[in-house]
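This is the structure I have questions about; it appears just below.
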Amino acid sequence: MDLKMKHVVIVGGGFAGLTAAKTLGSKKDIRVTLIDKQNFHLFQPLLYQVAMAGLSPADIAAPIRSLLSKHENVRVLRGVVTRVNTSDNSIDTDIGSFSFDYLIMAAGAKPSYFNHPEWEEYAPSIKTISQATEIRRRLLNAFEKAERTDDTKEQKKLLTFVVIGGGPTGVELAGAIGEMSRYTLARDFRNIDASVARIFLIEGGAQILPMFSLQHAKRAARDLEKLGVQIWTNSLVSDIDEDGVTVGSERISSSTVVWAAGVQGETMQFGGDVGRDRGNRIMVESDLSIPGFQNVFVVGDQSNIDDGSKDLPGTAPVAMQQGRFAANTILNDLAQKTRSPFKFTDRGQMATIGRSSAIVEVGKLKFAGLFAWITWLVVHIYFLVGFKNRLFVVFSWGWSFLTFRKGARLIVDRDWQIGGETDSPSQS
Ligand SMILES: Cc1cc2nc3c(=O)[nH]c(=O)nc-3n(C[C@H](O)[C@H](O)[C@H](O)COP(=O)(O)OP(=O)(O)OC[C@H]3O[C@@H](n4cnc5c(N)ncnc54)[C@H](O)[C@@H]3O)c2cc1C
């Protein structure tokens with residue numbers, strides 16, 4: 001590679017970083033180095049399916065290296081970025097330092113336990129493959145343990161599941177646990193009736209799915225209740241331990257608790273001042289660069305635009321559009337064109353509740369039920385990276401839809417999990 005070419009370093013191969021790299025791929029006079037702490041791009045919107053044994057990890061992940069292999073000007077490295085030095089345009093990583101002409105930071109977000117890091121041990125969140133397989137392990141183990149005990153109090157605790165956070169991820173998880181216990185597992189056990197499993201969905205606000213219309217939030221609540229999910233709104237969790245969850249004056253005994261309540265921007269040291277919002281996201285200008293450093297962009301879940309407008313949601317479309325925008329801004333700079341502000345094009349939102357129900361809102365167009373679920377399915381398969389993955393996912397879903405079976409019901413002990421992720425909770 002010609003070292004005189006402009007060097008763009010991209011941190012993170014998620015939705016934002018990968019889109020930026022593809023936009024700069026095969027472009028003249030630019031060389032790109034993409035650094036990620038893991039060697040695969042993860043399709044997080046389907047992570048809950050891994051946790052619920054519907055899909056295997058490899059169905060929703062693809063090696064970053066192969067996704068970018070056709071672009072000869074892009075180099076992919078596995079490494080952990082620890083610090084950004086704006087004073088000399090370099091970054092520090094565990095595999096050495098790299099200097100850049102332009103930097104695109106796209107390191108995403110991580111779970112936030114609202115100043116209670118000790119809760120993570122008892123209530124894993126769902127952000128990485130190892131967390132999803134850990135949730136799957138705890139969930140399936142709870143049914144196994146309930147099957148082999150005759151202590152009814154213990155059985156009740158084992159068959160009680162708590163999901164904290166009533167956003168799309170919490171709703172998808174709670175619905176999937178309800179469906180799994182009622183349809184998939186119900187006929188596989190002899191000593192217990194898996195279909196009597198209790199699922200609590202705990203939400204601090206007044207309604208679940210606050211980003212959706214009230215009409216659709218109510219529809220989702222009804223669909224969840226049909227799957228045995230009890231929804232507690234206006235309910236704040238005050239404690240979580242190995243025996244369950246305390247919500248106000250109520251105590252729920254449970255051995256399986258999942259955290260889907262909050263995220264914060266990925267922590268990264270910056271030499272020089274950067275502003276951060278309450279969610280630890282880095283404040284950027286309207287062109288997504290950090291104030292005073294036009295060659296350093298922060299995009300996706302790691303950033304928040306400081307222009308007084310409403311915060312953008314932490315979603316894949318925002319990340320992809322911002323990744324593409326930052327890359328195009330660099331190309332425009334090199335062509336000596338003036339910069340413009342980032343504008344998000346909102347193409348709507350959707351959430352699924354169980355195997356054949358979903359809600360979709362695209363501008364004024366709002367629909368729910370089976371057709372919404374088919375729309376959700378088509379969109380998710382379309383955006384899943386890699387033809388092989390799409391094929392496997394269609395096959396797996398088709399199979400479990402027709403047979404009520406789930407193919408990935410393996411309890412994998414933690415020693416054997418897909419490795420490389422450093423942010424998984426410790427074993428309980
Ligand atoms: C369970 C779940 C369900 C979701 N469902 C939806 C949905 O249905 N629809 C939707 O639009 N959005 C959904 N989202 C949100 C969406 O996935 C995120 O908004 C999106 O992934 C953000 O993209 P990003 O590129 O900013 O970050 P990410 O996709 O998180 O990518 C960040 C990358 O940076 C890497 N990285 C982090 N730190 C470092 C470091 N120090 N050094 C090197 N590399 C690093 C990570 O390994 C990762 O590959 C969901 C998220 C979750 C967790």
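Bear in mind that the values in this text are calculations on the coordinates, not laboratory data. Because the structure is a prediction, the values reported are computed rather than measured. Positions of Cβ are generated from backbone atoms using ideal geometry, with glycine treated the same way; all protein chains shown enter the neighbour counts.
Angle between the Cα long axis of helix 370-383 and the longest principal axis of the chain, 0 to 90 degrees, nearest 10?
40 degrees
Right, something else. Please say if the range 1-134 is rounded, prolate or oblate, where rounded means a/c under 1.5 for a ≥ b ≥ c the square roots of the C-alpha gyration tensor eigenvalues, and otherwise the choice is prolate for a/b larger than b/c and oblate otherwise? Don't skip to the end; give the middle numbers.
Details: a/c = 3.00, a/b = 1.59, b/c = 1.89.
Judged from the Cα gyration tensor, the range 1-134 comes out oblate (a/c at least 1.5, b/c at or above a/b).
Sticking with this one: Give the residue list of trypsin sites (Lys or Arg not before Pro) in the range 244-303 that are DSSP loop and have at most 14 other beta-carbon atoms within 10 angstrom.
ARG278
With the contact rule set at Cα under 8 Å and sequence spacing of 6 or more, what percent relative contact order holds for the chain? Display every interim value, and only then the final one.
Numbers: 866 pairs, mean separation 88.1, N = 428.
Dividing the mean separation by the residue count of the chain yields 21 percent.
Helix 129-148 versus the longest principal axis of the chain: what angle, 0 to 90°, nearest 10, using Cα atoms?
The helix 129-148 is inclined about 10 degrees to the chain.
Continuing with this model, one more query. When only C-alpha pairs under 8 Å and at least 6 residues apart count, what is the relative contact order of the range 1-119, in percent? Could the numbers behind the result be given before it?
Values: 202 pairs, mean separation 38.7, N = 119.
Rounded, it is 33 percent for the range 1-119.
Taking only C-alpha pairs under 8 Å that are 6+ residues apart, what is the relative contact order of the range 265-391 in percent?
14 percent
How big is the range 321-391 by Rg and Dmax over its Cα atoms, in Å?
Cα radius of gyration and Dmax of the range 321-391 are 17.4, 51 Å respectively.
Continuing with this model, one more query. Mind scanning LYS22/LYS388; LYS310/LYS364; LYS127/LYS218; LYS22/LYS310 and naming the pairs with a C-alpha gap bigger than 24 Å?
Long pairs (Cα-Cα over 24 Å): LYS127/LYS218; LYS22/LYS310.
Using only DSSP helix segments of four residues or longer, with each worth -39500 (n - 2.57), what per-residue ellipticity at 222 nm results for the chain after dividing by its residue count and rounding to 500?
Calculated at 222 nm, the ellipticity per residue is -9000 deg cm²/dmol.
Further question on the same structure: Going out from 0 in 5 Å bins, what whole percent of all Cα-Cα distances in the range 2-79 drops into each bin?
For the range 2-79, the binned pair fractions read 3, 16, 25, 20, 14, 9, 6, 3, 2, 1 percent.
Once Rh for the chain is found with the Kirkwood sum over Cα pairs, what is the Stokes-Einstein diffusion coefficient at 10 °C and 1.306 mPa s, in µm²/s? Each step should come with its number before you reach the end.
Working: Rh = 22.6 Å.
This corresponds to a translational diffusion coefficient of 70 µm²/s.
I would also like to ask the following. On a straight-distance basis, which aspartates and glutamates could pair with LYS366 in a cross-link, Cα separation under 15 angstrom, same-chain partners fewer than 8 positions away excluded?
Those aspartates and glutamates meeting the cut-off are ASP346.
With a cap of 15 neighbouring Cβ atoms within 10 Å, and only residues DSSP puts in a loop, list the trypsin sites (Lys or Arg not before Pro) found in the range 1-69.
Of the trypsin sites (Lys or Arg not before Pro), the ones in loops of the range 1-69 whose Cβ has at most 15 other Cβ atoms within 10 Å are LYS4, LYS28.
Taking the 0 to 90 degree range and rounding to the nearest ten, how far is the long axis of helix 214-226 tilted relative to the main principal axis of the chain, both from C-alpha atoms?
It works out to around 40 degrees.
When we measure straight from the Cα of LYS37, which aspartates and glutamates land under 17 angstrom away, once same-chain ones fewer than 8 places off are left out?
Leaving aside aspartates and glutamates fewer than 8 places away in the same chain, those within reach of LYS37 are ASP92, ASP94, GLU266, ASP301, GLU421, ASP423.
On the Cα set of the range 206-248, report Rg and Dmax in Å, please.
12.6, 37
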